[in-house]
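Below is one structure; the comments refer to it alone.
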Amino acid sequence: MRQEQGRDRAAGIGGAHVPLNLAGNQVPRTSKLAGNLGVAFDGDLSDTLGWFARADSRFESKQYVLPDNLATTAERVVVNLRAGVKTDRYRFTAFVDNLTNNQTPENVLKLTRLNDFQGNLSGYLPLPRMYGVTVAADF
């Protein structure tokens, strides 16, 4: 790529240079806004037994797929929950990851063929909702 008179030029099919002005565009595959929020609580049920709970949330605004900023992914919100009981030695935890089963792609990119500069969009889906129980011991 070369720059000419303040405008970007990209090589097109057959080597012809096509004007491609990307000034002011957002960088592809990045969110303009992103944030995490978490809250945790714990307490005692008895002298030897305690409880705990935690909720975490992650927000990402839409992402542009390519530098031209024409195609976007939707914004994403992912919520994870944890709760359980604990003693001095053991911890029993129930969890749910991706509580709302958000299936918005985490990343989308264009795979380009070099013979004709056409291609396909390919994306990475997040893990589906998962839940379970863990047991941990200190020794």
Distance in nm between label sites at D56 and Q26, each 7 Å beyond Cα in the beta-carbon direction? 2.4
Accessible area expressed per residue, the stretch 96-139, with surrounding protein chains retained (probe 1.4 Å, Å²): 77
What FRET efficiency, computed as 1/(1 + (r/R0)^6) with R0 = 30 Å and r the Cβ-Cβ distance, is obtained for N69 and N36, rounded to the nearest 0.05? 0.75
Averaging sequence separations of C-alpha pairs under 8 Å and six or more residues apart, then dividing by the length of the stretch 18-139, give the relative contact order as a whole percent. 20
Percent of accessible area on the chain owned by carbon and sulfur, 1.4 Å probe? 56
State the label only: which of [x] 159; [y] 114; [z] 90 corresponds to volume of the Cα convex hull per residue in Å³ computed from the shown model? [x]
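The values are calculated or read from the model by the stated rules, or taken from the named source; none is laboratory data. Predicted, not measured: the structure shown is a model, and the values here were computed from it. Here the Cβ is made from the backbone with ideal geometry for all residues, glycine too, and neighbour counts use every protein chain on show. Just the protein is used for accessible areas: all its heavy atoms, side chains included, with ligands, DNA and RNA removed. Shrake-Rupley method; radii C 1.70, N 1.55, O 1.52, S 1.80 Å.
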